[in-house]
Amino acid sequence: MLGNIINSVKGQLTGELQDKFKLDPQQANQSVDLAKEHVEEGLKKEATGGDAGGIMNMLKGQQAPQDNPAINNMIQRYLGDLTSKVGIPESMAQQVAPFVVSFLMNKISGNVNSQSDLMGMLGGGLTDKLPKGIGDKLGGLFK
(Lines give C-alpha, C1' and ligand atoms only; values in the text may rest on other atoms or scores of the structure.)
Protein backbone atom coordinates (compact mmCIF):
# COMPACT_ATOMS: atom_id res chain seq x y z
CA MET A 1 0.00 0.00 0.00
CA LEU A 2 2.86 2.38 0.78
CA GLY A 3 4.23 1.77 -2.70
CA ASN A 4 0.81 2.57 -4.18
CA ILE A 5 0.69 5.93 -2.39
CA ILE A 6 4.15 6.85 -3.59
CA ASN A 7 3.39 5.68 -7.13
CA SER A 8 0.21 7.76 -7.16
CA VAL A 9 2.19 10.97 -6.58
CA LYS A 10 5.23 10.04 -8.66
CA GLY A 11 4.18 12.13 -11.66
CA GLN A 12 3.54 15.18 -9.51
CA LEU A 13 6.82 14.78 -7.66
CA THR A 14 8.93 14.22 -10.77
CA GLY A 15 7.35 17.34 -12.27
CA GLU A 16 8.23 19.37 -9.19
CA LEU A 17 11.81 18.08 -9.23
CA GLN A 18 12.14 19.15 -12.85
CA ASP A 19 10.61 22.58 -12.19
CA LYS A 20 12.19 23.47 -8.83
CA PHE A 21 15.57 21.81 -9.15
CA LYS A 22 15.97 21.65 -12.94
CA LEU A 23 16.56 17.88 -12.94
CA ASP A 24 16.19 16.16 -16.27
CA PRO A 25 13.27 13.69 -16.56
CA GLN A 26 15.51 10.64 -16.06
CA GLN A 27 17.15 12.10 -12.95
CA ALA A 28 13.76 13.09 -11.53
CA ASN A 29 12.36 9.62 -12.16
CA GLN A 30 15.40 7.90 -10.62
CA SER A 31 15.26 10.26 -7.65
CA VAL A 32 11.65 9.32 -6.88
CA ASP A 33 12.35 5.60 -7.30
CA LEU A 34 15.27 5.84 -4.86
CA ALA A 35 13.18 7.87 -2.43
CA LYS A 36 10.49 5.19 -2.51
CA GLU A 37 13.08 2.55 -1.54
CA HIS A 38 14.54 4.69 1.25
CA VAL A 39 11.16 5.69 2.70
CA GLU A 40 9.77 2.13 2.65
CA GLU A 41 12.97 0.71 4.11
CA GLY A 42 13.29 3.45 6.72
CA LEU A 43 9.68 3.21 7.91
CA LYS A 44 9.86 -0.58 8.14
CA LYS A 45 13.11 -0.35 10.09
CA GLU A 46 11.61 2.12 12.56
CA ALA A 47 8.37 0.18 12.92
CA THR A 48 10.16 -3.10 13.55
CA GLY A 49 12.67 -1.40 15.83
CA GLY A 50 9.90 -0.27 18.14
CA ASP A 51 9.71 3.44 17.21
CA ALA A 52 6.35 3.35 15.47
CA GLY A 53 5.19 5.97 17.99
CA GLY A 54 7.86 8.44 16.88
CA ILE A 55 6.92 7.90 13.25
CA MET A 56 3.24 8.33 14.14
CA ASN A 57 3.96 11.67 15.85
CA MET A 58 5.59 12.87 12.66
CA LEU A 59 2.83 11.50 10.41
CA LYS A 60 0.13 13.12 12.54
CA GLY A 61 1.85 16.50 12.20
CA GLN A 62 3.03 16.64 15.82
CA GLN A 63 6.62 16.74 14.63
CA ALA A 64 8.14 18.09 11.43
CA PRO A 65 9.78 15.40 9.26
CA GLN A 66 13.17 17.10 9.56
CA ASP A 67 12.87 17.06 13.38
CA ASN A 68 12.54 13.26 13.48
CA PRO A 69 15.90 11.45 13.83
CA ALA A 70 14.68 8.46 11.80
CA ILE A 71 13.59 10.71 8.94
CA ASN A 72 16.90 12.56 9.09
CA ASN A 73 18.71 9.23 8.76
CA MET A 74 16.55 8.39 5.73
CA ILE A 75 17.35 11.78 4.20
CA GLN A 76 21.11 11.32 4.73
CA ARG A 77 21.17 7.84 3.16
CA TYR A 78 19.00 9.06 0.30
CA LEU A 79 21.26 12.08 -0.23
CA GLY A 80 24.26 9.78 -0.65
CA ASP A 81 22.42 7.73 -3.28
CA LEU A 82 21.33 10.84 -5.15
CA THR A 83 24.96 11.79 -5.65
CA SER A 84 26.40 8.31 -6.24
CA LYS A 85 23.60 6.63 -8.21
CA VAL A 86 21.79 9.50 -9.94
CA GLY A 87 24.79 11.81 -10.40
CA ILE A 88 23.22 14.88 -8.79
CA PRO A 89 25.85 17.27 -7.40
CA GLU A 90 26.00 17.17 -3.59
CA SER A 91 24.97 20.82 -3.22
CA MET A 92 21.81 20.09 -5.22
CA ALA A 93 21.19 16.75 -3.49
CA GLN A 94 21.25 18.53 -0.12
CA GLN A 95 18.19 20.46 -1.28
CA VAL A 96 16.46 17.65 -3.18
CA ALA A 97 16.68 14.95 -0.48
CA PRO A 98 14.79 16.78 2.32
CA PHE A 99 12.27 18.14 -0.17
CA VAL A 100 11.43 14.71 -1.60
CA VAL A 101 11.30 12.86 1.73
CA SER A 102 9.15 15.58 3.33
CA PHE A 103 6.86 15.59 0.29
CA LEU A 104 6.38 11.82 0.53
CA MET A 105 5.88 11.88 4.31
CA ASN A 106 3.16 14.51 3.89
CA LYS A 107 1.39 12.34 1.31
CA ILE A 108 1.70 9.25 3.50
CA SER A 109 0.40 11.08 6.57
CA GLY A 110 -2.96 11.62 4.87
CA ASN A 111 -3.44 7.85 4.81
CA VAL A 112 -2.35 6.99 8.35
CA ASN A 113 -4.53 7.58 11.41
CA SER A 114 -3.13 4.97 13.79
CA GLN A 115 -0.22 2.64 14.37
CA SER A 116 -2.42 -0.13 12.98
CA ASP A 117 -2.76 1.86 9.75
CA LEU A 118 0.99 2.35 9.63
CA MET A 119 1.73 -1.31 10.20
CA GLY A 120 -0.89 -2.35 7.66
CA MET A 121 0.56 0.06 5.13
CA LEU A 122 4.03 -1.38 5.62
CA GLY A 123 2.58 -4.91 5.44
CA GLY A 124 4.53 -7.82 4.12
CA GLY A 125 5.40 -10.12 7.01
CA LEU A 126 6.21 -7.53 9.61
CA THR A 127 4.66 -9.60 12.39
CA ASP A 128 7.71 -11.84 12.62
CA LYS A 129 9.99 -8.82 12.82
CA LEU A 130 8.03 -6.88 15.43
CA PRO A 131 9.28 -6.78 18.98
CA LYS A 132 7.72 -9.62 20.95
CA GLY A 133 4.03 -9.09 21.66
CA ILE A 134 3.45 -5.98 19.59
CA GLY A 135 1.68 -7.93 16.84
CA ASP A 136 -0.76 -9.24 19.46
CA LYS A 137 -1.23 -5.80 20.95
CA LEU A 138 -2.22 -4.53 17.52
CA GLY A 139 -5.24 -6.80 17.66
CA GLY A 140 -3.79 -9.64 15.62
CA LEU A 141 -3.66 -7.35 12.61
CA PHE A 142 -0.87 -9.42 11.05
CA LYS A 143 -2.27 -12.89 11.67
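The values are calculated or read from the model by the stated rules, or taken from the named source; none is laboratory data. These numbers were taken from a predicted model, which means no experiment stands behind them. Cβ sites come from the backbone with ideal geometry, for glycine too, and all protein chains shown count toward neighbours.
Before moving on, here are some points about what is shown:
- Among residues of region 89-115, those that are modelled with pLDDT of 75 or more, part of a helix (DSSP H, G or I) and polar (S, T, N, Q), counted: 6
- Annotation: of all residues in region 38-88 being hydrophobic (A, V, I, L, M, F, W, C) and in contact with a Gly (Cβ under 7 Å, 6 or more places away or on another chain), the one that is modelled with the highest pLDDT is 74.
- Any hit, region 64-73, residues being in contact with a Pro (Cβ under 6 Å, 6 or more places away or on another chain), within 22 Å of residue 9 (Cβ to Cβ) and buried (at least 18 other Cβ atoms within 10 Å of the Cβ): yes
- Residue list for region 18-39, filter: farther than 16 Å from residue 75 by Cα, surrounded by 17 or more Cβ atoms within 10 Å (Cβ to Cβ) and touching a residue at least 24 places away in the same chain (Cβ under 8 Å): 21, 23, 27
- Residues of region 56-65 classified as outside any helix (DSSP H, G or I) and farther than 28 Å from residue 85 by Cβ, total: 4
- The residue list 42, 53 contains one member that is loosely packed, with under 13 Cβ neighbours inside 10 Å, touching a residue at least 24 places away in the same chain (Cβ under 8 Å) and assigned to a helix (DSSP H, G or I), which is 53.
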